[in-house]
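Have a look at the structure below before the remarks.
The values are calculated or read from the model by the stated rules, or taken from the named source; none is laboratory data. Since the structure is predicted, the reported quantities are computational estimates derived from the model, not experimental observations. As a convention, Cβ positions derive from the backbone with ideal geometry for all residues, glycine included, and neighbour counts pool all protein chains shown. Calculation scope for accessible area: heavy atoms of the full protein, side chains included, ligands and nucleic acids excluded. Shrake-Rupley method; radii C 1.70, N 1.55, O 1.52, S 1.80 Å.
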Amino acid sequence: MDMDFVNYSPINTDTNISSNNGVRTDFNFQDVPHCSNVEEVIVEPHVGMEFDSLEKVEELYKIFAKAKGFGIRTRDSKKNYCRFVCVREGENKPKSGNMGEVKRTSSTQRLGCQSSLCVSKDKKRDIWVVKSFDNNHNHIMASPKSVSYLRCHRKMNGAAKNLVEKFNAEGLPTAKVAAIFNGSDLSFSNRDCWNHLRNVRRKNLDVGDAQAVLNYCKQKQAQNSNFFYAIQCDDDDRMINFCWLDARSRAAYQYFGDVITFDTTYRTNKYSMPFAPFTGLNHHLQSILFGCALLQDEFEKSFVWLFETWLEAMNGKKPIGF
(Lines give C-alpha, C1' and ligand atoms only; values in the text may rest on other atoms or scores of the structure.)
Protein backbone atom coordinates (compact mmCIF):
# COMPACT_ATOMS: atom_id res chain seq x y z
CA MET A 1 0.00 0.00 0.00
CA ASP A 2 1.63 3.26 -1.10
CA MET A 3 1.58 6.09 1.41
CA ASP A 4 2.77 9.24 -0.39
CA PHE A 5 3.11 12.20 1.96
CA VAL A 6 4.15 15.42 0.23
CA ASN A 7 6.11 16.90 3.12
CA TYR A 8 7.74 13.68 4.33
CA SER A 9 11.16 12.75 3.07
CA PRO A 10 13.64 10.33 4.64
CA ILE A 11 14.97 11.80 7.87
CA ASN A 12 17.77 10.94 10.24
CA THR A 13 16.69 8.01 12.40
CA ASP A 14 18.36 9.72 15.39
CA THR A 15 15.78 12.50 15.28
CA ASN A 16 13.88 12.79 18.55
CA ILE A 17 10.14 13.00 18.89
CA SER A 18 9.07 16.49 19.89
CA SER A 19 5.64 17.91 20.60
CA ASN A 20 3.91 21.25 20.66
CA ASN A 21 0.89 21.41 22.96
CA GLY A 22 0.30 17.71 22.48
CA VAL A 23 0.61 17.86 18.70
CA ARG A 24 3.21 15.52 17.25
CA THR A 25 5.54 17.47 14.98
CA ASP A 26 8.19 14.89 14.19
CA PHE A 27 8.81 11.20 14.61
CA ASN A 28 11.48 8.52 14.60
CA PHE A 29 10.89 5.75 12.07
CA GLN A 30 12.43 3.23 14.50
CA ASP A 31 9.71 4.11 17.04
CA VAL A 32 6.79 3.68 14.63
CA PRO A 33 4.77 0.48 15.29
CA HIS A 34 3.74 -1.65 12.35
CA CYS A 35 0.61 -3.62 11.44
CA SER A 36 0.76 -7.26 10.40
CA ASN A 37 1.03 -5.91 6.87
CA VAL A 38 4.56 -4.51 6.74
CA GLU A 39 3.53 -2.00 4.08
CA GLU A 40 1.16 -0.25 6.52
CA VAL A 41 3.12 2.18 8.69
CA ILE A 42 1.09 3.57 11.59
CA VAL A 43 1.59 7.33 11.72
CA GLU A 44 -0.35 9.60 14.05
CA PRO A 45 -1.80 12.59 12.16
CA HIS A 46 -0.81 16.08 13.28
CA VAL A 47 -1.59 19.66 12.36
CA GLY A 48 0.29 20.76 9.23
CA MET A 49 0.61 17.27 7.75
CA GLU A 50 0.20 17.40 3.95
CA PHE A 51 -1.21 14.90 1.47
CA ASP A 52 -1.47 14.59 -2.30
CA SER A 53 -5.18 13.71 -2.17
CA LEU A 54 -8.14 13.33 0.17
CA GLU A 55 -8.02 9.57 -0.41
CA LYS A 56 -4.53 9.49 1.12
CA VAL A 57 -5.82 11.32 4.19
CA GLU A 58 -8.59 8.78 4.71
CA GLU A 59 -6.20 5.88 4.05
CA LEU A 60 -3.73 7.00 6.73
CA TYR A 61 -6.46 7.81 9.26
CA LYS A 62 -8.08 4.39 8.77
CA ILE A 63 -4.76 2.62 9.41
CA PHE A 64 -4.19 4.73 12.53
CA ALA A 65 -7.76 4.17 13.77
CA LYS A 66 -7.61 0.41 13.26
CA ALA A 67 -4.35 0.19 15.21
CA LYS A 68 -5.83 2.21 18.07
CA GLY A 69 -9.15 0.36 18.18
CA PHE A 70 -11.81 2.64 16.72
CA GLY A 71 -13.58 3.28 13.43
CA ILE A 72 -14.04 6.46 11.41
CA ARG A 73 -16.56 7.97 9.04
CA THR A 74 -16.89 11.16 7.03
CA ARG A 75 -18.96 13.75 8.92
CA ASP A 76 -18.69 16.83 6.70
CA SER A 77 -17.39 16.91 3.14
CA LYS A 78 -17.17 19.90 0.84
CA LYS A 79 -15.12 20.75 -2.21
CA ASN A 80 -12.16 22.08 -0.24
CA TYR A 81 -12.88 20.80 3.27
CA CYS A 82 -13.49 17.47 4.98
CA ARG A 83 -13.98 16.31 8.55
CA PHE A 84 -13.53 12.70 9.64
CA VAL A 85 -14.97 11.65 13.00
CA CYS A 86 -15.07 8.59 15.23
CA VAL A 87 -17.96 6.21 14.48
CA ARG A 88 -19.22 6.87 18.02
CA GLU A 89 -19.63 10.60 17.36
CA GLY A 90 -23.15 12.04 17.67
CA GLU A 91 -26.27 10.46 19.14
CA ASN A 92 -28.40 7.49 18.11
CA LYS A 93 -31.59 8.70 16.46
CA PRO A 94 -33.85 5.79 15.45
CA LYS A 95 -35.67 6.26 12.17
CA SER A 96 -39.45 6.28 12.63
CA GLY A 97 -42.23 5.39 10.25
CA ASN A 98 -45.46 7.26 9.60
CA MET A 99 -47.15 5.75 12.66
CA GLY A 100 -44.22 6.48 14.94
CA GLU A 101 -42.85 2.92 15.01
CA VAL A 102 -39.10 2.47 14.94
CA LYS A 103 -37.96 1.33 11.50
CA ARG A 104 -34.21 1.20 11.89
CA THR A 105 -31.54 1.82 14.49
CA SER A 106 -27.84 2.47 14.06
CA SER A 107 -25.61 -0.61 14.10
CA THR A 108 -22.97 1.35 16.07
CA GLN A 109 -23.70 2.88 19.46
CA ARG A 110 -23.01 6.60 19.30
CA LEU A 111 -21.77 8.16 22.51
CA GLY A 112 -21.00 11.74 21.52
CA CYS A 113 -17.27 11.14 20.98
CA GLN A 114 -15.50 14.34 19.93
CA SER A 115 -12.46 12.77 18.26
CA SER A 116 -11.98 14.16 14.75
CA LEU A 117 -9.56 14.98 11.95
CA CYS A 118 -10.16 18.09 9.81
CA VAL A 119 -8.37 18.83 6.55
CA SER A 120 -8.67 21.58 3.97
CA LYS A 121 -7.28 22.00 0.47
CA ASP A 122 -4.53 24.45 -0.36
CA LYS A 123 -5.69 25.56 -3.79
CA LYS A 124 -2.39 27.16 -4.81
CA ARG A 125 -0.33 24.06 -4.05
CA ASP A 126 -3.13 21.58 -4.82
CA ILE A 127 -2.57 19.59 -1.60
CA TRP A 128 -4.62 18.71 1.47
CA VAL A 129 -3.43 20.00 4.85
CA VAL A 130 -4.44 18.82 8.33
CA LYS A 131 -6.01 21.78 10.16
CA SER A 132 -6.99 20.09 13.43
CA PHE A 133 -6.71 16.70 15.07
CA ASP A 134 -8.36 15.52 18.30
CA ASN A 135 -7.66 11.97 19.44
CA ASN A 136 -9.47 12.15 22.79
CA HIS A 137 -12.17 9.46 22.98
CA ASN A 138 -14.87 9.05 25.62
CA HIS A 139 -15.30 5.31 25.16
CA ILE A 140 -13.37 2.05 25.43
CA MET A 141 -11.37 1.06 22.36
CA ALA A 142 -12.37 -2.09 20.48
CA SER A 143 -10.24 -5.22 20.68
CA PRO A 144 -7.95 -6.05 17.70
CA LYS A 145 -10.40 -8.75 16.59
CA SER A 146 -13.53 -6.63 17.01
CA VAL A 147 -12.15 -3.51 15.36
CA SER A 148 -11.61 -5.41 12.11
CA TYR A 149 -15.38 -5.87 11.78
CA LEU A 150 -16.24 -2.17 11.99
CA ARG A 151 -17.69 -1.03 8.67
CA CYS A 152 -14.75 1.19 7.69
CA HIS A 153 -12.24 -1.63 8.27
CA ARG A 154 -14.10 -4.54 6.67
CA LYS A 155 -12.85 -5.49 3.24
CA MET A 156 -13.09 -8.30 0.70
CA ASN A 157 -10.44 -8.81 -1.96
CA GLY A 158 -11.01 -10.22 -5.43
CA ALA A 159 -10.28 -13.79 -4.34
CA ALA A 160 -12.90 -13.66 -1.58
CA LYS A 161 -15.52 -12.14 -3.90
CA ASN A 162 -14.86 -14.75 -6.58
CA LEU A 163 -15.16 -17.53 -4.02
CA VAL A 164 -18.50 -16.16 -2.79
CA GLU A 165 -19.80 -16.16 -6.37
CA LYS A 166 -18.53 -19.72 -6.94
CA PHE A 167 -20.14 -20.98 -3.74
CA ASN A 168 -23.42 -19.34 -4.70
CA ALA A 169 -23.33 -20.84 -8.22
CA GLU A 170 -22.75 -24.33 -6.77
CA GLY A 171 -25.48 -23.93 -4.15
CA LEU A 172 -23.03 -23.95 -1.24
CA PRO A 173 -23.45 -21.74 1.87
CA THR A 174 -21.70 -18.47 1.12
CA ALA A 175 -21.23 -17.86 4.84
CA LYS A 176 -18.44 -20.46 4.73
CA VAL A 177 -16.28 -17.99 2.80
CA ALA A 178 -16.05 -15.65 5.79
CA ALA A 179 -14.91 -18.57 7.94
CA ILE A 180 -12.27 -19.57 5.39
CA PHE A 181 -10.67 -16.12 5.42
CA ASN A 182 -11.04 -15.66 9.17
CA GLY A 183 -7.67 -14.95 10.76
CA SER A 184 -6.13 -13.37 7.66
CA ASP A 185 -5.61 -9.66 6.99
CA LEU A 186 -9.12 -9.62 5.53
CA SER A 187 -12.05 -9.22 7.90
CA PHE A 188 -15.63 -9.50 6.72
CA SER A 189 -18.84 -11.05 7.96
CA ASN A 190 -21.50 -13.36 6.55
CA ARG A 191 -23.57 -10.31 5.74
CA ASP A 192 -20.75 -8.89 3.61
CA CYS A 193 -20.96 -12.05 1.50
CA TRP A 194 -24.68 -11.49 1.02
CA ASN A 195 -24.12 -7.82 0.20
CA HIS A 196 -21.59 -8.73 -2.47
CA LEU A 197 -24.05 -11.11 -4.13
CA ARG A 198 -26.70 -8.40 -3.96
CA ASN A 199 -24.39 -5.98 -5.75
CA VAL A 200 -23.60 -8.59 -8.40
CA ARG A 201 -27.31 -9.14 -9.01
CA ARG A 202 -27.88 -5.40 -9.31
CA LYS A 203 -25.20 -5.17 -11.98
CA ASN A 204 -26.66 -8.14 -13.84
CA LEU A 205 -30.16 -6.72 -13.74
CA ASP A 206 -29.61 -4.34 -16.61
CA VAL A 207 -31.99 -1.54 -17.55
CA GLY A 208 -33.44 -3.46 -20.50
CA ASP A 209 -34.66 -6.39 -18.38
CA ALA A 210 -36.05 -4.18 -15.61
CA GLN A 211 -37.86 -2.00 -18.12
CA ALA A 212 -39.25 -5.05 -19.91
CA VAL A 213 -40.72 -6.33 -16.62
CA LEU A 214 -42.30 -2.95 -15.93
CA ASN A 215 -43.74 -2.71 -19.43
CA TYR A 216 -45.19 -6.22 -19.18
CA CYS A 217 -46.88 -5.48 -15.87
CA LYS A 218 -48.35 -2.24 -17.17
CA GLN A 219 -49.71 -4.09 -20.20
CA LYS A 220 -51.30 -6.83 -18.05
CA GLN A 221 -52.85 -4.26 -15.75
CA ALA A 222 -54.28 -2.38 -18.72
CA GLN A 223 -55.91 -5.60 -19.92
CA ASN A 224 -57.27 -6.46 -16.46
CA SER A 225 -57.42 -3.90 -13.67
CA ASN A 226 -57.32 -6.70 -11.06
CA PHE A 227 -53.75 -7.58 -12.04
CA PHE A 228 -51.54 -6.39 -9.19
CA TYR A 229 -47.83 -5.72 -9.12
CA ALA A 230 -45.42 -3.84 -6.85
CA ILE A 231 -41.75 -2.96 -7.22
CA GLN A 232 -39.43 -1.94 -4.43
CA CYS A 233 -36.45 0.23 -5.32
CA ASP A 234 -33.32 1.14 -3.38
CA ASP A 235 -32.00 4.65 -2.69
CA ASP A 236 -30.64 4.81 -6.26
CA ASP A 237 -34.05 3.94 -7.76
CA ARG A 238 -32.88 0.48 -8.81
CA MET A 239 -35.35 -2.40 -8.62
CA ILE A 240 -34.52 -4.82 -5.80
CA ASN A 241 -37.78 -6.68 -5.03
CA PHE A 242 -40.71 -7.48 -7.30
CA CYS A 243 -44.12 -8.97 -6.47
CA TRP A 244 -47.03 -9.77 -8.78
CA LEU A 245 -50.48 -11.41 -8.59
CA ASP A 246 -52.88 -11.98 -11.48
CA ALA A 247 -56.65 -11.60 -11.29
CA ARG A 248 -57.27 -15.35 -10.99
CA SER A 249 -54.91 -15.67 -8.01
CA ARG A 250 -56.58 -12.79 -6.17
CA ALA A 251 -60.05 -14.23 -6.80
CA ALA A 252 -59.06 -17.77 -5.80
CA TYR A 253 -57.58 -16.55 -2.53
CA GLN A 254 -60.97 -15.26 -1.39
CA TYR A 255 -62.28 -18.87 -1.51
CA PHE A 256 -59.24 -21.01 -0.78
CA GLY A 257 -56.98 -18.71 1.21
CA ASP A 258 -57.50 -20.25 4.64
CA VAL A 259 -54.10 -21.95 4.58
CA ILE A 260 -51.13 -21.00 2.41
CA THR A 261 -47.52 -22.09 2.07
CA PHE A 262 -44.54 -19.90 1.34
CA ASP A 263 -41.09 -20.99 0.18
CA THR A 264 -37.95 -19.32 -1.18
CA THR A 265 -35.79 -22.30 -2.05
CA TYR A 266 -35.70 -21.84 -5.81
CA ARG A 267 -32.81 -19.86 -7.36
CA THR A 268 -32.80 -21.22 -10.89
CA ASN A 269 -33.50 -17.90 -12.65
CA LYS A 270 -30.95 -15.92 -14.61
CA TYR A 271 -30.09 -13.59 -11.72
CA SER A 272 -30.02 -16.29 -9.01
CA MET A 273 -32.61 -14.30 -7.07
CA PRO A 274 -34.79 -16.11 -4.49
CA PHE A 275 -38.16 -16.98 -6.07
CA ALA A 276 -41.00 -16.75 -3.55
CA PRO A 277 -44.37 -18.31 -4.51
CA PHE A 278 -47.49 -18.19 -2.31
CA THR A 279 -49.44 -21.43 -2.80
CA GLY A 280 -52.48 -23.19 -1.40
CA LEU A 281 -55.03 -25.94 -2.18
CA ASN A 282 -58.39 -25.67 -3.91
CA HIS A 283 -61.50 -27.82 -3.26
CA HIS A 284 -60.04 -30.59 -5.45
CA LEU A 285 -56.85 -30.65 -3.30
CA GLN A 286 -54.91 -29.27 -6.24
CA SER A 287 -52.14 -26.75 -5.79
CA ILE A 288 -53.10 -23.21 -6.63
CA LEU A 289 -50.93 -20.11 -6.93
CA PHE A 290 -51.75 -16.99 -4.89
CA GLY A 291 -48.89 -14.79 -6.11
CA CYS A 292 -45.15 -14.72 -6.73
CA ALA A 293 -42.14 -12.57 -5.95
CA LEU A 294 -38.49 -12.20 -6.86
CA LEU A 295 -36.35 -10.97 -3.97
CA GLN A 296 -32.92 -9.42 -3.89
CA ASP A 297 -32.01 -11.24 -0.67
CA GLU A 298 -33.57 -13.17 2.21
CA PHE A 299 -33.19 -10.56 4.93
CA GLU A 300 -36.00 -9.60 7.27
CA LYS A 301 -36.71 -6.23 5.65
CA SER A 302 -37.29 -7.90 2.27
CA PHE A 303 -39.80 -10.34 3.77
CA VAL A 304 -41.56 -7.56 5.69
CA TRP A 305 -42.00 -5.58 2.48
CA LEU A 306 -43.23 -8.69 0.62
CA PHE A 307 -45.80 -9.78 3.24
CA GLU A 308 -47.15 -6.26 3.66
CA THR A 309 -47.42 -5.84 -0.12
CA TRP A 310 -49.08 -9.23 -0.56
CA LEU A 311 -51.68 -8.49 2.15
CA GLU A 312 -52.38 -5.15 0.47
CA ALA A 313 -53.07 -6.99 -2.79
CA MET A 314 -55.45 -9.33 -0.93
CA ASN A 315 -57.36 -6.38 0.54
CA GLY A 316 -55.95 -7.05 4.00
CA LYS A 317 -57.45 -10.53 4.37
CA LYS A 318 -55.04 -12.64 6.45
CA PRO A 319 -54.85 -16.44 6.11
CA ILE A 320 -55.90 -18.60 9.05
CA GLY A 321 -52.81 -20.79 8.69
CA PHE A 322 -49.44 -19.87 7.16
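Worth pointing out:
- Projected label distance in nm at PHE275 and SER53, using a 7 Å step from Cα toward the beta-carbon: 4.4 nm
- Set LYS66/LYS301; LYS78/LYS121; LYS131/LYS155 screened for pairs whose C-alpha atoms are more than 22 Å apart: LYS66/LYS301; LYS131/LYS155
- Surface calculation, 1.4 Å probe, protein heavy atoms: TRP194 sits at approximately 60 Å² accessible.
- When the residues GLU165, GLU50 are ordered by accessible surface, computed with a 1.4 Å probe over the protein chains alone, the sequence from largest down reads GLU165, GLU50.
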